[in-house]
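Comments concern the structure below.
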Amino acid sequence: GKSFTQSVVLLRHWRTHTKEKPFLCTTCGKRFSWRSDLITHQRIHTGERPYACSHCEKTFRKRNSLKRHQRNHTGERPYKCPDCGKTFNDFSNLVSHHRIHKGERPYECPECGECFTQNSSLSRHRRTHTGEKPFSCSDCGKSFTQKQKLILHQRIHTGEMPYSCQQCRKTFRSSSHLATHQQIHAQESSH
């Protein structure tokens, strides 16, 4: 088996086997293996979001969610695909991407049978069958199939440019525009 240097690490590992969940949320009855997980969960009920982004107005219940979000501003992409070298700002995105190389597409559309690497991709795809555009701009009424597309669109109205290049301080409306811009710096430094 695995070797452990700290008793807390051993206990954490042990609870993955025993499925022991001694910490109870008295609001909804959900149970947790760890007190810290219970505290984070309870913020759903209290609305507390103690972790604030220094670049924009967003707040988060979890420190890790803030760290992941801040990578959108900095352009940091620490997770690299061993097969093709593509980088990601979030580990779960790397896992989903890696399914492409392995040929895994576990999420199937019940309407047409098309399969996807991510459940969120299936949800977006299903809107092509229904024609549903549930995300509406309150300024101009334009509707979108995806929340992220609405958020990007709304920045046209607000002028918000939340993504900035660490090298030249130029700002961008989306993380993809920042990533494209950063390739220019990468090409300049390679010459």
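The values are calculated or read from the model by the stated rules, or taken from the named source; none is laboratory data. Not measured: the values here are computed from a predicted model. Backbone-built Cβ (ideal geometry, glycine too); neighbour counts: all protein chains shown.
Consider the range 164-177. How many of its residues are farther than 21 Å from HIS97 by Cβ and within 23 Å of the chain's Cα centre (by Cα)? Selection size over the range 164-177: 6.
Contact annotation: residue pairs with Cβ atoms under 8 Å, 6 or more positions apart or on different chains, pairing a residue in the range 92-121 that is surrounded by fewer than 12 Cβ atoms within 10 Å (Cβ to Cβ) with a partner that is assigned to a helix (DSSP H, G or I), are PRO106/ARG99; GLU111/ARG126; GLU111/HIS129; CYS112/HIS129.
Among the conditions (1) loosely packed, with under 15 Cβ neighbours inside 10 Å; (2) at pLDDT below 90; (3) not small (Gly, Ala, Ser), HIS73 misses just one, which is (1).
One residue stands out among those in the range 76-90 that are assigned to a loop (DSSP other than H, G, I, E, B) and among the charged types (D, E, K, R): the one that is farthest from ALA179 (Cα to Cα), which is ASP83. Only a single criterion out of (1) assigned to a helix (DSSP H, G or I); (2) under 27 Å from ALA179 (Cβ atoms) is not satisfied by LEU38, namely (2). Scanning the range 140-169 for residues that are in a loop (DSSP other than H, G, I, E, B), touching a His at 6+ places or on another chain (Cβ under 7 Å) and buried (at least 16 other Cβ atoms within 10 Å of the Cβ) yields PRO162, CYS165. Taking the conditions (1) in contact with a strand residue (DSSP E or B) (Cβ under 7 Å, 6 or more places away or on another chain); (2) under 24 Å from PHE172 (Cα atoms); (3) hydroxyl-bearing (Ser, Thr, Tyr) in turn, SER54 satisfies each one other than (1).
Could you check, for the range 24-36, whether at least one of its residues is at pLDDT 90 or above, over 15 Å from the mean Cα position of the chain (by Cα), aromatic (Phe, Trp, Tyr) and over 30 Å from SER175 (Cα atoms)? Yes, the range 24-36 contains at least one residue that is at pLDDT 90 or above, over 15 Å from the mean Cα position of the chain (by Cα), aromatic (Phe, Trp, Tyr) and over 30 Å from SER175 (Cα atoms).
If you go through the range 49-75 and keep only what is at negative phi, in contact with a Ser or Thr (Cβ under 9 Å, 6 or more places away or on another chain) and not in a helix (DSSP H, G or I), you end up with ARG49, PRO50, TYR51, ALA52, CYS53, HIS55, ARG61, LYS62.
Please verify whether the range 95-114 includes one or more residues that are over 29 Å from HIS185 (Cα atoms) and polar (S, T, N, Q). No, the range 95-114 contains no residue that is over 29 Å from HIS185 (Cα atoms) and polar (S, T, N, Q).
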